[in-house]
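Below is one structure, written out as structure tokens; comments come after it.
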Amino acid sequence: MSSSIALGSEPAMAARNRLIMVVYTATIFVSALLLFSVQPMFTKLVLPRLGGSPAVWSVAMVFFQSLLLAGYAYAHLLMHVRNRFVVVSVHLAVLLAAMLTLPISIAVGWGNPPESGYALWLLGLFTVSIGLPFFALSANSPLLQAWFVQTGHPNGPDPYFLYASSNIGSFLALLSYPLLIEPILSLQMQTLSWTWGYGILIVLIGLCGFLLLRSPAAVAARPAALVEHAPKPGWARWLRWIFLSAVPSGLLIAVTAHISTDVAAAPLLWVLPLSLYLLTWVLVFQSKPLVPHRLLVLLLPIAVADVILLLLVGNATNFLLTLGAHLLCFFLITMACHGELARLRPPAKYLTSFYLALSFGGMVGGMFAGLLAPLMFSWIAEYPILIALAVLCLPVATERFPLWGRWYWPVLAVVAMLLVVPVLVPGAMLEWLSTRRVLVVGLLTIAAVVFAVALRADRLKLFALIALALVLLRLYPADGGSVETVRSFFGIHKIVAVDDGRYHVLMHGTTAHGAQQMLNADGSPITGRPEPLTYYSRDGGMAQAIRAMRAAKGGPLRVAVIGLGTGSLACTAEPGETWKFFEIDQAIVDLARNPKYFNFIDKCMPDMAPVIGDARLTFADEPDGAYDVIVVDAYSSDAIPVHLATVEAMAIYKKKLAPHGAVVMHVTNRHLDLANVAEGIAGANGLTSWVDVHISPRIEEFIYSSIVVVSARSAEDVGEIASSNAWVLTSAEPGQGVWTDDYSNVLGALWRRLMHPVQDAVPSPSPFDASP
């Protein structure tokens with residue numbers, strides 16, 4: 001009889017185990033889906049508060065990683081409570097308390113940012129707005145895995161496959177946001193849908209808790225007994241876990257900042273590296289990894305070397321190709337680091353401790369790249385630093401030729417002295433090395449790869465060689481050009497002196513914001529009124545639009561300019577006109593005012609007093625009907641502030657226009673079709689638009705091609721533009737797809753540019769490529 005009972009209990013036990021597996025897997029999946037969909041959604045909601053700066057996402061990542069650590073610590077402490085009913089009840093209470101703060105929105109009282117301390121202000125905004133819901137969600141993955149261990153399921157002793165399920169949910173959430181959610185749903189619909197999903201998750205977690213409580217205490221203790229005598233990880237192992245998680249976490253922010261700066265501060269670009277980052281967790285924590293870890297260990301130094309070569313040649317010639325290469329290298333490096341973590345993972349008894357170490361390392365890496373590096377460095381030094389540190393993530397290896405160890409350090413020291421000393425004593429040697437920068441650094445990089453793969457190098461020796469290559473990359477600028485950098489919350493600005501200082505160019509990423517000719521061909525200083533170059537030349541669309549509006553009015557103009565750059569437009573003004581500039585970045589104002597770099601303002605408008613702050617906030621305070629021309633010039637960088645290109649933004653511009661005024665939008669962009677966006681938001685406000693695509697034949701003189709859209713109430717308001725063959729009257733009408741504060745579709749603008757490229761109507765990619 002007992003035998004029949006036992007046999008009869010086996011199907012029941014199998015059904016119970018299947019139910020546990022399905023419920024726990026589904027719950028962890030849904031939790032991760034919500035956790036990682038809220039990140040781009042809420043950050044997009046916050047972007048307009050700080051001018052659409054890519055740094056908003058970097059700070060957001062630091063917040064999310066920090067709160068993830070808090071959630072993991074909470075889960076770790078909660079699992080020390082022996083009473084399972086108390087554990088389940090406490091967590092459900094936290095989830096329900098967070099439910100009271102939904103739907104997600106920006107907290108009351110956090111409307112306008114301060115004049116400084118943006119990062120701390122953003123951290124506070126995120127904390128009071130979504131801190132509790134994100135905290136509750138962040139604890140779910142380690143907590144539910146620990147519950148799963150205690151259910152007595154046969155897979156309980158090794159529950160790390162559930163971590164892969166969690167990251168699959170995260171991966172799908174991130175990919176679906178820019179591809180499906182953002183193009184289809186408004187922000188209001190997104191937040192409401194997320195609230196419903198959160199409610200469903202609470203029900204699922206309640207079911208997980210019920211299954212845990214229904215598990216007999218003896219059954220729940222069985223998996224734990226299997227590892228009761230497992231040795232406790234020491235401090236050395238803890239520090240190794242932290243380091244292995246900190247390096248890829250910091251690289252994630254560094255790579256994301258690079259992408260966001262050169263394309264657009266938008267969820268589409270944020271989620272690419274983060275999706276790859278999460279995908280690595282999925283792949284390395286599979287029961288049978290798809291890619292052998294030994295292969296990834298061999299590929300890591302190759303990926304590091306590739307990044308050095310990419311930094312060496314830059315991304316000016318083919319940005320999309322080099323962007324893909326950066327992401328591929330990031331993926332391989334992260335796979336190797338996370339593969340080491342998977343190899344060093346402890347038994348299930350120490351599961352929450354392991355996740356606590358991982359989250360702490362993630363926070364450390366994020367804080368370094370997102371908060372400390374912008375304060376410590378005037379350039380994006382964190383990227384090469386983390387690339388070099390990635391070499392130290394390699395496991396300890398036995399060198400194939402140990403005799404190398406005897407001569408390696410002296411030889412490397414001699415090579416370093418021969419290559420670094422010429423910088424301290426400028427002369428012919430420095431010029432020779434500068435002109436052969438690619439050769440010198442390239443050979444060192446290739447040597448590093450050969451040394452690592454063929455000789456199975458010690459990681460410290462390889463780190464020293466990689467570090468030397470990166471130092472030389474910084475010491476010897478391309479083509480010998482002089483580069484100075486200034487870093488602010490809104491980006492890294494480079495002032496490049498080209499052709500022995502004849503031209504000064506202001507760069508942001510790979511895009512020029514403006515340029516000025518400082519010297520004549522004979523080397524003598526240029527005197528008198530400077531001539532605007534780049535997109536502001538006398539033949540370009542911007543200058544044409546201003547001349548046409550001046551002629552149409554028949555008198556001096558009242559002009560508002562959103563975006564300062566080098567101050568080129570100051571020299572477009574004529575006596576008697578009133579020009580007012582609006583700029584969000586004080587660093588840009590300081591650069592434009594410094595005659596050491598540019599003197600457009602000094603020579604043409606010395607009394608200029610720019611209004612500092614985000615234009616959506618500061619320009620709204622201007623008197624209605626105050627301006628004949630409103631120039632929106634916030635798009636000359638490839639990273640666009642989306643909130644300045646919405647129906648609501650255009651409504652503000654229209655309100656500030658005089659009865660016969662016009663809005664002039666500079667929409668030159670390599671990757672996005674912003675002309676269509678400008679036409680759409682103008683049409684939605686009852687304005688008619690004309691587009692000029694100016695192709696410049698004088699790139700070598702720093703006069704660039706440009707795309708400009710002029711919008712006005714009638715054709716009479718724009719004068720000769722309406723009858724000019726160079727300006728095309730558009731037929732855009734309001735309808736689905738028009739950008740609003742609640743809806744934007746960067747992917748659509750990217751797709752339109754790919755399908756309808758405008759030959760040469762893009763910013764010059766690099767001052768070095770355009771130099772005489």
| Tell me, what is the per residue accessible area of the stretch 164-214 in Å², probe radius 1.4 Å? | 43
| note | Once amide hydrogens are built 1.01 Å from N within the peptide plane, the residues lying 5 or more places from Leu519 or on another chain with amide H under 5 Å from its amide H are Ile526
| How much area per residue is accessible in the stretch 100-151 when the probe is 1.4 Å and only protein heavy atoms are counted (Å²)? | 37
| query | Which whole-number value in Å³ per residue fits the convex hull of the alpha carbons of the stretch 322-403? | reply | 156
| query | At a 1.4 Å probe, what is the % contribution of carbon and sulfur to the accessible area of the stretch 28-149? | reply | 70
| In percent, how large is the relative contact order of the stretch 612-713, given Cα pairs closer than 8 Å and 6 or more residues apart? | 28
| remark: The alpha-carbon center of the stretch 24-102 and that of the stretch 507-567 are separated, in whole Å, by 48
| field | For the stretch 584-594, 3J(HN,Hα) per residue [Karplus equation, 6.51 cos²θ - 1.76 cosθ + 1.60, θ = phi - 60°, Hz, x = Gly/Pro] | value | 7, 10, 4, 4, 5, 4, 5, 5, 5, 7, 7
| task | Would you please calculate the Kirkwood hydrodynamic radius of the stretch 500-572 over all C-alpha pairs and express it in Å, rounded to one decimal? | result | 13.8
| said: So, taking all protein chains as they sit and a 1.4 Å probe, how much accessible area belongs to Tyr383, in Å² rounded to tens? | reply: 10
| Entries of Lys44/Lys349; Lys494/Lys655; Lys44/Lys654 with Cα pairs more than 30 Å apart | Lys44/Lys349; Lys494/Lys655
| note | Of every hundred units of 1.4 Å-probe accessible area on the stretch 481-533, the number belonging to carbon and sulfur atoms, as a percent, is 50
| said: For Thr740, what residues show an amide H to amide H distance below 5 Å, using hydrogens built from the backbone and excluding near sequence neighbours? | reply: Val647
| query | Can you tell me the accessible area per residue over the stretch 480-581, all protein chains present, probe 1.4 angstrom, in square angstrom? | reply | 36
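The values are calculated or read from the model by the stated rules, or taken from the named source; none is laboratory data. Only a predicted model underlies this, so the values are computations on that prediction, with no experimental measurement involved. To get the accessible areas, we keep the full protein, side chains included, count just its heavy atoms, and leave off ligands, DNA and RNA. Shrake-Rupley method; radii C 1.70, N 1.55, O 1.52, S 1.80 Å.
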